[in-house]
Amino acid sequence: MFHRLIRRAAAAVLLLTGALVAPSVPTAAAHAAAAVSGFVDGHSHLFSYETFGGMLMCGKPFDPDGIEEALTDCPDHYPNGELAWYENFTRTGKATGTHDPVGWPTFRDWPAHDSLTHQQAYYTWVERAWRGGLRVLVNDLVANRQLCAIYPLKKYSCDEMTSIRLQAQRARELQDHIDAESGGPGRGWFRIVDDPAEARSVAAAGKLAVVLGIETSEPFGCRQIFGIPQCTKSQIDRGLDEMYALGVRSMFVCHKYDNALCGVRFDSGTQGAIVNVGNLLSTGSFWQARTCTGPEHDNTIDPAGVLPDQIARLLPPGVSLPLYPPAPHCNTRGLTSLGTYMVQGLIRRGMMVEIDHMSVKAAAQTLGLLEAARYPGVISSHSWADPGFFSRIYALGGMITQYGHNSTDFVAEWRRTAPLRQQYNVGYGYGLDVNGMGRLPAPRAGNAANPVTYPFTSFDGSVRLDRQRTGQRVWDVNVDGVANYGLVPDWIEDMRLLAGQDIVRDLASGAESYLRTWEATAARRLP
């Protein structure tokens, strides 16, 4: 009881000392129009701290014993971050480095926009983004067996589906936690939704509709070893039925490594070299690439990619990264017969198909299947599909959200794709990929001439937001970028300064466009 009272008092202080300026809660009347007005995050990972063996990512989105228990660093990051080789390598390109491991209450060095292993989505930070206009959040349950196996510390099995079930459980626990703080079951602002009608009702009432998705490398155990699939159609059916019952409504078919379902879109640079080693360890072979002959292509495999020693020593004796033909590169692997069965299974269940991370060969084949079925449930959620596919996605009735780039780059891509969205009369969104091993938006270069000024007003005028404060730390988007999820409204305000109200209007139409895609998808579900 004492801890609960302290947490409630702390939450009140957070709201009064910089998280928000009154009015603190968007009113349902402000969202009473037929069309939902608000933002959509099409791709994030609030519970990825429980994956990769449960010890790679530090901190939690909540803890029943309070923020002081939730926002702590990983044991191997103490006393000064020197042993945190994965954090150091992904942040600086070197396996050596230091950082202050203390989170709450000082947060000296983390969270930060370029720190990939520290919690960036504590629930009060998500709450600030919701109050600033977020209405639909797709939370992808994520797993990667091979990364789990590579990282030496772990407390959980590396089985991907076991991890996904645990993350789904944690999502329900967070909903219950917020409900308890809000007065009882069903009264919280964080609502996991099972169908588009429920999502529309939640968003229209000014709450946050949370859609569960899956982004995993070996769904239902569907890996391949030397080209031999390790799953069957019956496994796929059982897996899809279980995930649907769990509340999952959106799903990737492949991710990072070639699997028994499809070939992947390559990573580039040093990260690509690391993932390619993972592909070898997972499947028995490196990526197979050819020089593309068509307009679409996968990411270029960089011959200069450097492996950290901790990864290089995993290669078999005498084996090194292969040489590839001239770019542009295309994965030789497309959609397999089992992958076709998987896509058809998603169609039968009215689930949305995520084509990001598919090779261009697999993505083209998948779009062909969806076009033949006149199935609108296709999503590109974080800039991992070739832009040549965008018109086909929109023509089906699908949805595209852009990766959380820095303000300047996000605005540039928004402008480039504006004519296509106008042609199909669709809104826009972002896929922040928070806690997804990707960097969040950095502070805008050269922002001294026109910085975000605090406090500012949310897009709909319902909330005024001052600099975000948690514990002893105060963040400023001009200096810190999107150091955590709570700074998303500040990032959108920064883009408004660059592009005016037009970009805000497009983003505020994003939730409605996503809901329309989901509604059309559910209507096509087979009985």
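The values are calculated or read from the model by the stated rules, or taken from the named source; none is laboratory data. Predicted model only: the values in this text are computed from it and were never measured. We place every Cβ from the backbone using ideal geometry, glycine too, and count neighbours over all the protein chains shown. Accessible surface areas use protein heavy atoms only, side chains included; no ligands, DNA or RNA. Shrake-Rupley method; radii C 1.70, N 1.55, O 1.52, S 1.80 Å.
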Scan the stretch 77-109 for residues that are more than 20 Å from Ala483 (Cα to Cα) and of a type in the set (A, V, I, L, M) and jot them down. Leu83, Ala95
Evaluate the following for Gly93: is it more than 19 Å from Val477 (Cβ to Cβ) and either acidic (Asp, Glu) or surrounded by fewer than 24 Cβ atoms within 10 Å (Cβ to Cβ) (or both)? yes
Grab the helices (runs of 4 or more DSSP H) fully contained in the stretch 436-527, keeping just those with 2 or more residues being touching a Ser or Thr at 6+ places or on another chain (Cβ under 8 Å) and surrounded by 16 or more Cβ atoms within 10 Å (Cβ to Cβ). 488-499, 510-523
Considering only residues that are without any contact (Cβ under 8 Å) to a residue 60 or more places away in the chain, in contact with a Gly (Cβ under 9 Å, 6 or more places away or on another chain) and open to solvent by 30 Å² or more (accessible area, probe 1.4 Å), look in the stretch 165-185 and name the one that is nearest to Leu141 (Cα to Cα). Arg172
For the stretch 364-383 the number of residues that are open to solvent by 40 Å² or more (accessible area, probe 1.4 Å) and over 18 Å from the mean Cα position of the chain (by Cα) is 5
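Let's see how each residue does on (1) in contact with a Leu (Cβ under 9 Å, 6 or more places away or on another chain); (2) touching a residue at least 12 places away in the same chain (Cβ under 8 Å); (3) part of a strand (DSSP E or B):
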residue: Asp63; (1), (2), (3): yes, no, no
residue: Pro79; (1), (2), (3): no, yes, no
residue: Asn88; (1), (2), (3): no, no, no
residue: Arg91; (1), (2), (3): yes, yes, no
residue: Asp114; (1), (2), (3): yes, yes, no
residue: Ala121; (1), (2), (3): yes, yes, no
residue: Glu127; (1), (2), (3): yes, yes, no
residue: Leu147; (1), (2), (3): yes, yes, no
residue: Pro152; (1), (2), (3): no, no, no
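A quick yes/no check of all residues on (1) in contact (Cβ under 8 Å) with a residue 12 or more places away in the chain; (2) among the charged types (D, E, K, R):
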| residue | (1), (2) |
| --- | --- |
| Val306 | yes, no |
| Gln310 | yes, no |
| Arg313 | no, yes |
| Pro316 | no, no |
| Leu323 | yes, no |
| His329 | yes, no |
| Thr336 | yes, no |
| Ile347 | yes, no |
Of the residues that make up the stretch 349-363, is at least one open to solvent by 50 Å² or more (accessible area, probe 1.4 Å), charged (D, E, K, R), under 26 Å from the mean Cα position of the chain (by Cα) and more than 25 Å from Arg524 (Cα to Cα)? yes
For the stretch 386-399, how many residues are open to solvent by less than 10 Å² (accessible area, probe 1.4 Å) and either aliphatic (A, V, I, L, M) or free of Cβ contacts under 8 Å to residues at least 24 places away in the same chain (or both)? 2
Total residues in the stretch 312-335, condition open to solvent by 50 Å² or more (accessible area, probe 1.4 Å) and either among the polar types (S, T, N, Q) or assigned to a helix (DSSP H, G or I) (or both): 2
Residue selected from the stretch 301-311 under the condition open to solvent by 50 Å² or more (accessible area, probe 1.4 Å) and in a loop (DSSP other than H, G, I, E, B), by the criterion modelled with the lowest pLDDT: Ala304
Only residues that are part of a loop (DSSP other than H, G, I, E, B), in contact with a strand residue (DSSP E or B) (Cβ under 9 Å, 6 or more places away or on another chain) and of a type outside the set (Gly, Ala, Ser): list them for the stretch 351-375, please. Met351, Ile355, Asp356, His357, Tyr375
Could you list, in sequence order, all residues of the stretch 400-435 that are open to solvent by 10 Å² or more (accessible area, probe 1.4 Å) and part of a loop (DSSP other than H, G, I, E, B)? His405, Asn406, Asn425, Val426, Asp433
